[in-house]
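Bear in mind these aren't lab numbers, they're just calculated from the coordinates by the rules spelled out. This one's a predicted model, so the numbers in the text were calculated from it and none came from an experiment. So basically every Cβ, Gly included, is an ideal-geometry build from the backbone, and we count neighbours across all protein chains shown.
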Amino acid sequence: MAQPDLKTVVHPEAAAALRHESIVDPATGRVYELLISQPQAPAPDAGYPVVFLFDGNRTAPAALAWLQSHELADRVLVVGLGYPDTVAFNIPRRFEDLTPSAVAGRAGSGQARAFLDFVEARVKPRIARDYPLDPARTALYGHSLGGLAVLFDLAHHPARFSAYFAASPSLWWDDVRVMPQLQQAVQGDSCARSAPKTVIITVGAKEQPLNTAQTDNPERAAKLARRQMVANAAQANEILARCPAFDVDYRLLAGAGHGAALDRGLFHALARWLGRAATAEPTP
């Protein structure tokens, strides 16, 4: 439940259309891989809208495939934040980069703050060097631990992006430590005075079963019940909606489990962000 389902569908044609670049974090020496779409149309006067995506080896092809299917691939830039020699997910490194606090039993966890600083200080300028970007149309997407990192960044640095997309956020991490940080972020006048933000939170309805006894896998169902994926996502929505500057959209994805919520949450967020009707969202 802390990582997406490794059997989720890939998008090979879109993946082949992405340009790959390596980038090193000078603070850690770690190498990352950027997966970048290549719009053929000239940038709009304001620059390209751009979406940055955690787990980019898996999510960037999905985002590009959706944009292609809606004839938007030449007008929106996709930047996947991924890892070398990775087809879909690098589980050890995502536990390091996407968790805001360290927990016992998960060596290297708790490095999200440093990773997010690296994205802001190094990755975004690298992309802006090659592509004109619209500063008013920048989005950050993450699923599972990635969704947790998205909300963590929103709580501490809401000016970094104009839109934050958290799909199935793993808010249970470290005894729900990020939730009070969200509460603190919406208090006071600073939130009301901040620039408008689009915040989209999605979660699969099957990620928190109502009756753990009526299932083929009671042990897994009990684990899902403990993690309170749906309840935590709904609570985060309620908290963030208190900020007048946040345009918050919460969507419970009917029939979706944790793996299916990756693409469905991404497609819903892109549709709403780009002004497409939510009914244009493909079904799994």
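Working ranking of peptides 229-236, 80-87 by packing, defined as the average number of other Cβ atoms within 10 Å per residue, highest first, is 229-236, 80-87. Think of each Lys and Arg Cβ as +1 and each Asp and Glu Cβ as -1; about the Cα centre, that makes the dipole of the range 12-280 roughly 320 debye. Between Gln184 and Ala107, the contour length at 0.36 nm per residue exceeds the alpha carbon distance by 24.9 nm. Taking the C-alpha atoms only, the angle from helix 260-273 to the longest principal axis of the chain is near 50 degrees. What is the Cα centroid distance between the range 34-86 and the range 123-184, reported in whole angstrom? Here the answer is 17 Å between Cα centres. Antiparallel beta bridges, as assigned by DSSP with both residues in the range 36-153, represent about 10 percent of the total such bridges.
Against the chain, whose longest principal axis comes from its Cα atoms, helix 218-227 is set at around 70 degrees. Only Cα sites of the chain enter the Debye sum here, all with the same form factor; the resulting log10 I(q)/I(0) across q = 0.07, 0.09 1/Å is -0.23, -0.38, listed in q order.
By the helix-only formula, in which each DSSP H run with n ≥ 4 contributes -39500 (n - 2.57) and the sum is divided by residues, the chain has a 222 nm mean residue ellipticity of -10500 deg cm²/dmol.
Within the range 12-280, DSSP assigns beta bridges of which about 25% are antiparallel (rounded to the nearest 5). Between Gly142, Leu34, Pro44, the Cα set farthest toward the positive side of the dipole of the range 12-280 (charges on each charged residue's Cβ, about the Cα centre) is that of Gly142. Leu64 sits among other residues whose Cβ lies under 13 Å from its own Cβ, and their net charge, with Lys and Arg +1 and Asp and Glu -1, is -1.
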